[in-house]
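What follows draws every value from the coordinates through simple rules; no lab data is involved. Model, not experiment: these values are computed from the prediction. All Cβ positions, glycine included, derive from the backbone under ideal geometry; neighbour counts span all protein chains shown.
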Amino acid sequence: MTAQPEAGLSHAWIVTDLDGTLVDRNLGMVPRSVEALRRYRECGGTVVIATGRNEESATPYHRELGLDTPMILCNGARITDPRTGDRLVDLDLGPVWPPLRDLVLPALPEGVGAVGFSGHDAHVLRDAPALADYARRDRIVLLGDPPDRPPTKVMLISGGGPPAPLAELVALHCPSALVVQSEDTYLEVLPPGAGKEAALRELAGRYGMDINRIAAIGDNPNDTGMVRLAGLGAAVGDGHPQVLKAADIVVVSCSDGAVADLVGRILDGPLP
């Protein structure tokens with residue numbers, strides 16, 4: 001990765017969310033956006049993926065784009081360098097895990113499932129019908145055995161209802177945890193100090209990159225901090241109102257080429 005932009009390139013990094021931003025509902029990357037990122041990289045830009053997915057789920061997209069840059073994973077609880085396999089950041093739920101396991105999970109409403117991510121594995125902590133669709137969408141294998149250590153994160157999947165009551169339940173028993181909404185029915189419980197915003201700060205500091213030289217784009221509340229932090233924050237046009245409010249610019253929908261729209265504004269201008 002490079003910390004300095006090429007001459008004439010206003011933003012040296014683009015940090016992009018996957019689902020709902022670069023990846024459409026059919027689980028494929030939008031061709032127009034893929035082509036635009038290729039053009040951006042040819043101009044000297046650097047592309048970083050920031051996602052709630054883990055290594056197994058995110059790596060196929062990373063490879064398809066031909067990237068060798070670090071990946072922000074598990075909503076910022078982990079940063080992995082795929083060139084070396086090193087984990088530049090590797091958080092876990094630690095002291096949050098016992099009350100989450102013993103008090104929150106047993107109190108979840110009927111139909112709400114829970115998945116814990118530990119190492120490279122995803123473990124079913126509480127089964128529910130919605131988990132099968134989740135595993136298909138993220139292309140992961142769900143293990144039935146519990147993790148043998150505090151997981152990196154726990155996903156609560158409601159299958160239909162709003163996540164707000166679940167957030168209140170987690171806050172009651174695990175007040176130090178970071179709780180983010182990554183989809184309409186997904187609530188993620190993360191370690192203190194996690195989040196895409198914190199991970200982006202860490203990565204920028206590690207490579208000496210000025211935050212103002214970074215453009216970030218996302219569509220859901222878990223992207224809000226990252227979008228607000230970046231020098232140029234973009235919201236996907238059909239994204240969550242919270243992200244739309246935080247962004248400097250609003251681009252087209254994911255399927256119409258949201259990331260391509262952002263690239264066009266950087267390479268071709270004018271910027272706001």
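Measuring nothing but how far apart in sequence close Cα pairs (under 8 Å, 6+ apart) lie, relative to its length, region 94-190 scores a relative contact order of 29 percent. As I understand it, the value is the acute angle between the Cα axis of helix 164-173 and the longest principal axis of the Cα atoms of the chain; what does it come to in degrees, rounded to 10? Taking the Cα atoms of the chain, the angle to 164-173 is about 70 degrees.
A simple spin-label model places the labels of Leu103 and Glu42 5.7 nm from each other, with each point 7 Å out along Cα-to-Cβ.
Taken over the C-alpha atoms, region 81-196 has Rg and Dmax values of 13.6, 43 angstrom. Rounded to the nearest Hz, the phi-derived 3J(HN,Hα) couplings of region 251-256 under the Karplus curve 6.51 cos²θ - 1.76 cosθ + 1.60 (θ = phi - 60°) are 9, 6, 5, 4, 5, 8, where x marks glycine and proline.
Restricting the GluC sites (Glu not before Pro) of region 29-127 to loop positions (DSSP other than H, G, I, E, B) with no more than 15 neighbouring Cβ atoms within 10 Å leaves Glu110. Averaging the sequence gap over all C-alpha pairs within less than 8 Å and six or more residues apart, then dividing by the number of residues, gives region 1-157 a relative contact order of 17 percent.
Shown here are the Rg and Dmax of the Cα trace of region 51-109, at 14.8, 44 Å. Computed from phi, the 3J(HN,Hα) profile of region 85-99 under the Karplus parametrisation 6.51, -1.76, 1.60 (θ = phi - 60°) reads x, 6, 9, 6, 9, 8, 8, 9, 6, x, x, 6, 5, x, x Hz, with x in place of Gly and Pro. Across region 44-55, coupling constants 3J(HN,Hα) worked out from phi with the 6.51/-1.76/1.60 Karplus curve, θ = phi - 60°, read x, x, 10, 10, 10, 8, 10, 9, x, 5, 9, 4 Hz, and Gly and Pro carry x.
Note on region 13-52: Cα-Cα pairs beyond 12 Å make up 58% of the total pair count.
How about region 1-86: which trypsin sites (Lys or Arg not before Pro) there are in a DSSP loop, with at most 14 other Cβ atoms within 10 Å of their Cβ? Here the trypsin sites (Lys or Arg not before Pro) that fit, given the DSSP loop and packing criteria, are Arg25, Arg83. Dividing the helix sum by the residues of the chain, where each DSSP H run of 4 or more adds -39500 (n - 2.57), gives a mean residue ellipticity at 222 nm of -8500 deg cm²/dmol. Between Leu88 and Ile79, Thr80, Asp81, the built amide H atoms are under 5 Å apart, and every one of these is 5 or more places off in sequence or on another chain.
Given their separation in residues at 0.36 nm each and the Cα-Cα distance between them, Asp268 and Asp90 gain 60.3 nm when the chain is fully extended. Considering all C-alpha pairs of the chain, those separated by over 23 Å amount to 49%. Potential lengthening of the chain between Arg206 and Asn26 amounts to 61.3 nm, from the contour at 0.36 nm per residue minus the alpha-carbon distance. Taking other residues whose beta carbon is less than 15 angstrom from the beta carbon of Lys245, and scoring Lys, Arg as +1 and Asp, Glu as -1, yields -3.
Derived from the Cα gyration tensor, the three semi-axes of the equivalent ellipsoid of region 1-113 are 33, 18, 11 Å, largest first.
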